[in-house]
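Worksheet: one structure, shown below.
The values are calculated or read from the model by the stated rules, or taken from the named source; none is laboratory data. Small disclaimer: the values here were computed from a predicted structure and weren't measured. As a convention, Cβ positions derive from the backbone with ideal geometry for all residues, glycine included, and neighbour counts pool all protein chains shown.
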Amino acid sequence: MNVLHVDCNSCVAQGPSCEDCVISVLLGAPQRGVDLDGDERAALEALADSGLVPPLRLVPGARRGAAVQGTLSWQDYA
């Protein structure tokens, strides 16, 4: 089964686009994300195409992570 995992925390369009995204409108941007199967995606697309809900605005991106290297000082270049 082809499942789309929608994780609002890793979406590149996060911010102003959230107000016009079907996930935020219907589910309030769930903390853990949501998995949508093919039938669910087709239903959301049909609703969006008819103007009843906004479309999915997900733009997948890299997950935020911690820095690997600390801040360098001028002595590090000497």
Across region 31-45, which residue is nearest to PRO55 (Cα to Cα) among those that are of a type outside the set (D, E, K, R) and out of contact with any Asp or Glu (no Cβ under 9 Å at 6 or more places or on another chain)? LEU44
Pairs needed: first member in region 20-33, under 9 Å from VAL6 (Cα atoms); second member anywhere, of a type in the set (D, E, K, R) and surrounded by 13 or more Cβ atoms within 10 Å (Cβ to Cβ); C-beta distance under 7 Å; at least 6 residues apart or different chains. GLY33/ASP7
Within region 34-42, is there a residue that is modelled with pLDDT under 90, under 13 Å from the mean Cα position of the chain (by Cα) and surrounded by fewer than 13 Cβ atoms within 10 Å (Cβ to Cβ)? no
Across region 29-53, what is the total count of residues that are among the hydrophobic types (A, V, I, L, M, F, W, C) and either assigned to a helix (DSSP H, G or I) or at positive phi (or both)? 7
Any idea which residue in region 3-28 is surrounded by the fewest Cβ atoms within 10 Å (Cβ to Cβ), counting only those that are part of a loop (DSSP other than H, G, I, E, B) and at pLDDT below 85? GLY15
